[in-house]
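The values are calculated or read from the model by the stated rules, or taken from the named source; none is laboratory data. Computed from a predicted structure; not experimentally measured. All Cβ positions, even for glycine, are placed from backbone atoms using ideal geometry, and neighbour counts span all protein chains on display. Remember, those area values only see protein heavy atoms, side chains included, never the ligands or the DNA or RNA. Shrake-Rupley method; radii C 1.70, N 1.55, O 1.52, S 1.80 Å.
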Amino acid sequence: MIGDSPHADIAGAAAIGARSVWVSAGRSWTDTRHRPTRTAHDAASAIESVLRSPT
């Protein structure tokens, strides 16, 4: 899933029990209701993180 609304997309992933990666581009995550499973600085790092993950 790739989205353009960080808070809605991470909340959506959490609602269905899916893992998520937030591409931070150096920003801090501020939503206290939901947290991404992982955070990556850029899209390439996010993809690499998913590919390296055992599950």
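The table that follows gives values for the structure above.
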item	result
Unmet criterion (only one of (1) without any contact (Cβ under 8 Å) to a residue 24 or more places away in the chain; (2) surrounded by 12 or more Cβ atoms within 10 Å (Cβ to Cβ); (3) aliphatic (A, V, I, L, M)) for Ile2	(2)
In segment 31-55, residue surrounded by the most Cβ atoms within 10 Å (Cβ to Cβ) [restricted to those that are out of contact with any strand residue (DSSP E or B) (no Cβ under 7 Å at 6 or more places or on another chain) and closer than 18 Å to Ala8 by Cα]	His34
Every pair of residues 6+ apart whose Cβ atoms lie under 9 Å, when the first sits in segment 7-21 and is open to solvent by less than 70 Å² (accessible area, probe 1.4 Å) while the second is among the basic types (Lys, Arg)	Ile10/Arg35; Ala11/Arg33; Ala13/Arg19; Ala14/Arg33; Ala14/Arg35; Ser20/Arg35; Ser20/Arg38; Val21/Arg38
